[in-house]
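Written below as structure tokens is the structure these notes are about.
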Amino acid sequence: MIRHSYPGFQKIKVLYAQVVGVLGFIISTLGAVFTLVGIWFVPRQSNSTFILDDPRVTLICLTVWILFIGWSVSFAFINLLPTIWMDEDGLQISAYLFFRIRIPWATIVDIGTGFPPKGYLLVRARRITLFHRAYGWLYSRTLYPSFLIERHITDWDNLIKEISRRIQSSSSQANR
């Protein structure tokens, strides 16, 4: 299994993004808990039966938005530049700090499409995680789950060539 990761200063950049993501996750979770605790201190409007007249509903909606936006942005930072392992069966990418996700060669759709930032390539697949669909939508306006590879990853040229070769061989086998 061949490992592709980010060396030197790029490793610090990856670590920084992951730390920011973890801190964002913690802060947004604490913000949501703080808002939920506030619900107990807001008096209920007893003379109205309409649910939107209850000020606690506003706090619940705020809690949902804090969690949705905070966790989404946090997970985007945590998973921004994954370490990639490549073998005969497919790729594995690091995700959520401690996990690896296997992506078989047959499920990789394409590489280099979309509109990622300069110096990055987007790899789209049929299955990664639900969260990785956000990268697909953000950078290629599709719901294919995706991940980014930055040009500073070790052995960039061979990694890209091998992924491209495997995509072509998988598509030619599917056409038979």
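The values are calculated or read from the model by the stated rules, or taken from the named source; none is laboratory data. Quick caveat, the model's predicted, so the values are computed rather than measured. Cβ: placed from backbone, ideal geometry, glycine included. Neighbour counts: every protein chain shown. SASA here: full protein model, heavy atoms, side chains in, ligands and nucleic acids out. Shrake-Rupley method; radii C 1.70, N 1.55, O 1.52, S 1.80 Å.
Only one of the listed residues (Ile149, Ile153) is part of a loop (DSSP other than H, G, I, E, B), open to solvent by less than 30 Å² (accessible area, probe 1.4 Å) and either hydrophobic (A, V, I, L, M, F, W, C) or under 28 Å from Phe9 (Cα atoms) (or both). That residue is Ile153. Taking the stretch 82-124 and the strands (runs of 3 or more DSSP E) fully enclosed by it, the elements with 3 or more residues that are open to solvent by less than 10 Å² (accessible area, probe 1.4 Å) are at 90-95.
For (1) at pLDDT below 85; (2) exposed (fewer than 13 other Cβ atoms within 10 Å of the Cβ); (3) over 19 Å from Leu148 (Cα atoms); (4) hydrophobic (A, V, I, L, M, F, W, C), each residue gets a yes or a no:
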{"position": "Phe9", "(1), (2), (3), (4)": "no, yes, no, yes"}
{"position": "Phe25", "(1), (2), (3), (4)": "no, no, yes, yes"}
{"position": "Thr35", "(1), (2), (3), (4)": "no, no, yes, no"}
{"position": "Asp54", "(1), (2), (3), (4)": "yes, no, yes, no"}
{"position": "Ile66", "(1), (2), (3), (4)": "no, no, yes, yes"}
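Going by the structure shown, is Ser140 buried (at least 17 other Cβ atoms within 10 Å of the Cβ) and over 30 Å from Ala32 (Cβ atoms)? So Ser140 fits the description; yes.
Residues in the stretch 72-81 that are assigned to a loop (DSSP other than H, G, I, E, B) and either hydroxyl-bearing (Ser, Thr, Tyr) or touching a helix residue (DSSP H, G or I) at 6+ places or on another chain (Cβ under 7 Å) (or both): Leu80, Leu81. Could you list, in sequence order, the residues of the stretch 125-140 that are among the aromatic types (Phe, Trp, Tyr) and either touching an Asp or Glu at 6+ places or on another chain (Cβ under 6 Å) or part of a loop (DSSP other than H, G, I, E, B) (or both)? Matches in the stretch 125-140: Phe131 only. Among the residues of the stretch 100-124, what is the count of those that are of a type in the set (Lys, Arg) and either out of contact with any strand residue (DSSP E or B) (no Cβ under 9 Å at 6 or more places or on another chain) or in contact (Cβ under 8 Å) with a residue 24 or more places away in the chain (or both)? So the count comes out to 1.
If I filter the stretch 37-52 down to residues being of a type in the set (Val, Ile, Thr) and at pLDDT 75 or above, which single residue comes out as farthest from Phe75 (Cα to Cα)?
Ile39
Between residues in the stretch 76-89 that are closer than 13 Å to Ile149 by Cβ and modelled with pLDDT of 90 or more and residues that are polar (S, T, N, Q) and in a loop (DSSP other than H, G, I, E, B), which pairs lie under 6 Å by C-beta distance while being six or more apart or on different chains? Short answer, once both residue conditions are applied: Thr83/Ser5.
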